[in-house]
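Quick notes on the structure that follows.
We did not get these values from a lab; they are worked out from the coordinates using the rules stated. Source: prediction; values computed, not measured. Note: ideal-geometry Cβ built from the backbone for every residue, glycine included; neighbour counts use all protein chains shown.
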Amino acid sequence: MKTESVLIRLEDICKTYHLGEIDVPVLKGVSLTIDTGEFVALMGSSGSGKSTLMNILGCLDRPSSGAYWFEGRNVVQLTVDERAYLRNAKMGFVFQSFNLLPRASALENVMMPLGYAATVVSDKEARLRATEMLERVGLAERLHHEPSQLSGGQQQRVAIARALINRPPVLFADEPTGNLDSRTSCEVLEMFRNLNQQDGITVILVTHDPDVARYADRLIRIADGVLVDGTSGSDNGEDWESFVKEETTCESFEP
Amino acid sequence: MRIIRTLKTALQALMRNPMRALLTTLGIVIGVGAVIAMMEIGKGSSAAIQKSIASMGANTILVLPGTAASGGVTFGSGTVMTLTPMDGEALQNECPSVRSVAPIVRARSQVVYGNRNWVPSSIIGTTSDYLDVREWTELAEGEAFSDRDVLNANKVCLIGQTIVRELFEGASPIGKELRIKNVSFRVIGVLSEKGANMMGMDQDDIVLAPWTSIKFRVTGSPVVTAVQSTATESSSTSTMNRLYPGSSFKFYPERSAAQEANQPLPIRFANVDQLFLAAVSTEEISNAIDQVTQVLRSRHRIREGEPDDFNIRNMTEMTKTLSSTASLMTNLLLFVALISLVVGGVGIMNIMLVSVTERTREIGLRMAVGARSRDILRQFLIEAVVLCVAGGVIGILLGRGGSYIVQLVLKWPIGYSPEAILASVLVSVGVGVIFGYYPAWRASRLDPIEALRYE
């Protein structure tokens, strides 16, 4: 494994919340490495600290202690504005509840992150790029639809297009299928798969659902603020292949 | 570029809920509309009030000849005859702050018509500009005498309502001849009623005639006789004076031979008792006084450091009343404006706070995709300012429309007030910034994680 292919490296990350006088340790020394081009599932039960870890990975939160290198850069030291810039340029986010702007067209939703980019993108180019992105997620026919006129799966695809508009090397998906039925879940997860394999985008998927986690090449389990074990890509490969056979039904594979 | 995009984002955000945006901005619309309408109506009424006070003579300036002094004894105003009708013409031509100038020659005499007689409180010889100076150009009947009448010393006169009542018992006096000191004058016009002045003197008890007629035909010499009145013969005027052919008056002050040698003055044909001036406006009075002083000093060849040979009076009391009325009105309106705009601003702040709470998730999302807190601050601030400015613009249109309707329907005077419009725009932007800042600041302080999780 080459050093330059290391995208994310966490070293002994701790996060403690202070609720009044009580200290609640959520992460108790997490260390992990994620390489460029990996498809990682971050799995854990509710309250295991996976959301906190995800927030720290996504530069939305700062660890209480520990070091975090993103593309070889220690991001713990960055200021709030620098982290905002990093999120804008290097990270895409997909949320469980889509978080689209209501009463704004799909196109406007996808264009939105461009407005905060460091380099000013002209309106015309922004429109072009957003259209391109929406075409890629298969919504070429629905550019001017508002979220309320789209199905859940379509909304999530708009959210994916929005996450990809700045061409980030890494995509964070926080329970992306939590609000979707199994069929659309399947479509969305497949889309992640494609992005990972065809475009080489690193995908970090947070979920509590083992069926969803199975799409990933590698599984990172977290329980009580510490990593339980890491599942290598090759281990999951077989699962993936067996899943493909049952793709149409989207039935779960019992581990 | 970035600002334009933010502006676009703000507009889109507002258009997502147009009804609420409209209702929010209503406070500013009504506030600004009321301010504009009131400013315009107020300005109109203020102008009307000022005009009516001005018609009482607030804009007038009186130039009196200086006083002679001998051995420490001053003889009172008018004891030296230094003002000429030409001075009046020069003032009219050379002083931009002076609207019009009328020379005044006074007489006091019995006026006789038929078997009735009356002593008017003032018999004034002047030009037709006198009516303009006193803002009295509207005649009840007939017409004013012309400059030609003045040049020819025609025996025509205008009379006030009191004279009509006393001599003609209310009958139309036009074309009738009345006699002033046995000189017969034809009445060509009747002045409109003006009533008593501030000191309680009847202003309608007046006879106006060309100053040449009064001076050369009636008095023969200035009414306020000079102390040193050793008369010099003047053939040109004595022929005009039918009543006292022997006596005459001085054209200009007697001067010693040494004075003549020192200061050769151009020939002055006659002097007048006073010059009566009107400034173009109340504010211009002090400028007018300066200009008059300058012109008269240069015309009278008064050296630097020497005292003026004339006195200038103005209606300070009335002018003060006038300006205090105007400023009172302005301050009152400003106060009302302030209150209504503050109320409107609080409305904006209220809705913006609701909007920030409602859009917490949106704010969280924007932060997650890379918006810095100042981007969020700017977005919400611009939303508030856009609301206020839109409200301001609608308010301006509404206010203008309202005052126009008031003018049309109620026939109230309206003064177009561009400064009110400018002030409204500035104030509505200011209100937007001030009352939009707190909600915007709250939005920018949100924690993206909390905001994304907000239900």
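Quick look at the numbers
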read-out: Signed unit charges on C-beta, dipole axis of chain A, positive-most listed residue A:LEU114, A:LEU100, A:GLY178; value: A:LEU114
read-out: From phi via Karplus (6.51, -1.76, 1.60), per-residue ³J(HN,Hα) for the stretch B:142-152 in Hz, x at Gly/Pro; value: x, 9, 7, 6, 9, 5, 5, 4, 5, 4, 8
read-out: Nearest-0.05 FRET efficiency for A:ASP23 and A:ARG167, computed from C-beta distance (R0 35 Å); value: 0.30
read-out: Pairwise FRET efficiency - A:TRP69 versus B:ASP447, Cβ, R0 = 30 Å, nearest 0.05; value: 0.80
read-out: Centroid-to-centroid separation of the stretch B:165-205 and the stretch A:28-57 [C-alpha atoms, Å]; value: 108
read-out: Sorted by Cβ density within 10 Å, fewest first, the residues B:THR162, A:THR52; value: B:THR162, A:THR52
read-out: Quotient of Cα Rg and 2.2 N^0.38 Å for the stretch B:357-429, N being how many residues it contains; value: 1.72
read-out: Neighbouring partner chain Cβ atoms per residue of B:442-454, average, 10 Å criterion; value: 2
read-out: Stretch gain in nm, segment B:SER281-B:GLU177, where the contour uses 0.36 nm per residue and the Cα spacing is subtracted; value: 33.6 nm
read-out: CD proxy at 222 nm, helix term only [per DSSP H run n ≥ 4: -39500 (n - 2.57); per residue of the protein assembly as shown; nearest 500]; value: -14500 deg cm²/dmol
read-out: Inter-chain shielding of A:119-127 (mean C-beta neighbours from other protein chains, 10 Å cut-off); value: 1
read-out: Candidates A:ASP35, A:ASP12, A:ASP23, ranked by Gaussian network fluctuation over chain A, Cα under 10 Å, top entry; value: A:ASP23
read-out: Stretch in chain A that is longest and holds no GluC sites (Glu not before Pro) that DSSP places in a loop and that have at most 14 other beta carbons within 10 Å; value: A:22-245
read-out: Of the chymotrypsin sites (Phe, Trp or Tyr not before Pro) in the stretch B:267-358, those whose Cβ has at most 14 other Cβ within 10 Å and which sit in DSSP loop; value: B:PHE269
read-out: Calculated Rg and Dmax of the protein assembly as shown using C-alpha coordinates, Å; value: 46.4, 144
read-out: Per principal axis, descending, Cα span of chain A in whole Å; value: 49, 46, 42
read-out: The stretch A:130-176 and the stretch B:332-383: distance between their alpha carbon centers, rounded to Å; value: 29
read-out: Those lysines that a straight Cα-Cα span of less than 29 Å connects to B:LYS181, excepting residues fewer than 8 apart in one chain; value: B:LYS155, B:LYS194, B:LYS215, B:LYS250
read-out: Straight-distance crosslink candidates among lysines, where the alpha carbon sits under 21 Å from B:LYS411 and sequence neighbours closer than 8 are dropped; value: B:LYS43, B:LYS51
read-out: Packing rank of B:399-410, A:165-176, where each peptide gets the mean count of other beta carbons within 10 Å, highest leading; value: A:165-176, B:399-410
read-out: Cut-off 19 Å (backbone N to label point 7 Å along Cα→Cβ of B:GLN12), residues of the stretch A:81-98; value: A:88-89, A:92-95, A:98
read-out: Averaged over B:5-12, number of beta-carbon atoms from partner chains that fall within 10 Å; value: 3
read-out: Residue among A:LEU32, A:LEU227, A:LEU53 with the largest mean-square fluctuation in a Gaussian network model of chain A, springs linking Cα atoms under 10 Å; value: A:LEU32
read-out: Long-range amide H partners of B:SER122 with built H, under 5 Å; value: B:VAL207
read-out: Most mobile of A:GLY20, A:GLY200, A:GLY47 in a GNM of chain A (Cα contacts under 10 Å); value: A:GLY20
